[in-house]
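What follows is calculated from the coordinates using simple rules that are stated; it is not laboratory data. Since the model is a prediction, treat every value here as computed from it, not as a measurement. We place every Cβ from the backbone using ideal geometry, glycine too, and count neighbours over all the protein chains shown.
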Amino acid sequence: MPAPLTIRLHPNDNVVVARMDILPNTRIEGDVAALTRVPPGHKILTRAVKKGEPLRKYNQIIGFATDDLPPGSHIHTHNCVMGDFERDYAFCADAHPTAYVNPPATFMGYRRTDGRAATRNYIGIVTTVNCSAATSRMIAKHLEPLLAQYPNIDGVVPLTHGGGCGMAASGLEMDVLRRTLAGYTRHANMAAVVVLGLGCETNQISGLMDAEGLQEGPKLIPMAIQDEGGVSKTVMRAVGFLKELLPEANNLEREPIPVSELILALQCGGSDGYSGISANPALGAAVDLLVRHGGTAVLSETPEIYGAEHLLTRRAVSREVGEKIVKRIKWWEDHCARTGGEMNNNPSPGNK
């Protein structure tokens, strides 16, 4: 028996998902035939809908028809738009007590002197501005040949970005940038960090350190290229500092650590038409298992849950937690309205 051409995810759906490239006039389900070519992973309408009627996948509303559409229509951005509709948040309706595993599993991690658990043992070079990005990569490249002598160090990581200057010295954009950079700097996976700036940027090293409560010390070294006398001198000085730290960082060895100390962030890597069918459920099952062992997971790309937040509120442990999810979605809607963005599409090329 030949494999089916499409996948129906729920009996109530009015679309199916193409498993392969489907040509015009190909019969896909009953008397329904594709009206046009439909690429793999894309949706095909199986029941006629009127303009404004909901389109359903996973038994959830994924959008609304822009026109009257016959069965066999290729459903995509040209005829499917987001729209506001009443969501049943049903706070805590599907919340269940966690069946914890005892004793929890362990993983081979690093134990920092302050007691935190780490999965990696990195030397970090955190840049305050895009202008110091190339220099940070030079520092890392100079240190790479030495790492063979230090098997317990997982790498030297330049952490670069496109901001730090040509932006307001205060406000939401700067706050988010500084909070992110400080998060890298404080991260348990960092044995030591150089905070590297150019010197004349808006995101001054001193401003970052003060705003985020970062303290200069033996394992947190601030450096500005202009203060050091240029790129070459900066590279040599940073390499000298970090060379001295390598032996101490290498003294740390992996040891068994309870999985309950893991915090796992789930990040979209460029969704396609199959992500919700395969990858997302697999990751969900993995996270449920992690939580049963006492670990923590974070949906780190909040806009990715837009339109599905009512599914999460059902599993919220309390109404207060569920309302936090709704509040965050409302914040995003307000933020997009103020900045001219939209929540109803995904601009990343990987999501097209």
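For this structure, a couple of remarks:
- Nearest 10 degrees, 0 to 90: helix 133-143 Cα axis against the chain principal axis: 60
- Mean separation of Cα pairs under 8 Å and 6 or more residues apart, divided by the residue count, gives the chain a relative contact order of 17 percent.
- If R0 is 51 Å, the Cβ-Cβ spacing of residue 263 and residue 66 corresponds to a FRET efficiency of close to 0.75.
- Measuring r between the beta carbons of residue 289 and residue 339 and using R0 = 56 Å, the FRET efficiency lands at 0.90.
- For the range 176-291: relative contact order, % (alpha-carbon pairs under 8 angstrom, 6 or more apart): 21
- For residue 57, the lysines whose Cα comes closer than 16 Å to its Cα, not counting residues fewer than 8 places off in the same chain, are 43.
- Taking 12 Å as the straight-line reach from the Cα of residue 324, the aspartates and glutamates in range (excluding those fewer than 8 positions away in the same chain) are 309.
- Pairwise centroid distance, computed over Cα atoms, of the range 209-237 with the range 26-75, Å: 57
- Of all DSSP beta bridges confined to the chain, the antiparallel ones make up roughly 55%.
- Filtered trypsin sites (Lys or Arg not before Pro), the range 1-106: DSSP coil and at most 12 other beta carbons within 10 Å: 50, 51
- Considering only Cα atoms, the convex hull volume of the chain works out to 200 Å³ per residue.
- Computed about its Cα centre, the charge dipole of the range 25-136 is approximately 500 debye, with only Lys, Arg, Asp and Glu carrying charge at their Cβ.
- Extension gain (nm, one decimal) between residue 243 and residue 50, 0.36 nm per residue minus Cα-Cα: 62.7 nm
- Projected label points at residue 142 and residue 311, each 7 Å from Cα along the beta carbon direction, are separated by 5.0 nanometres.
- Paramagnetic reach from residue 102 in the range 264-291 [backbone N under 19 Å; point 7 Å along Cα→Cβ]: 289-291
- Within straight-line reach of residue 233, meaning a Cα separation under 28 Å, sit the following lysines at least 8 residues removed in sequence or on another chain: 141, 219, 243.
- Principal-axis tilt of helix 279-292 within the chain, Cα atoms, nearest 10 degrees: 60
- Spin-label pair residue 25/residue 216, simplified geometry with 7 Å Cα→Cβ offset, distance in nm: 7.7
- Net length gained if the chain between residue 93 and residue 282 were fully extended (0.36 nm per residue, minus Cα distance): 65.8 nm
- For the chain, the longest principal axis of the alpha carbon atoms and the long axis of helix 172-186 meet at an angle near 60°.
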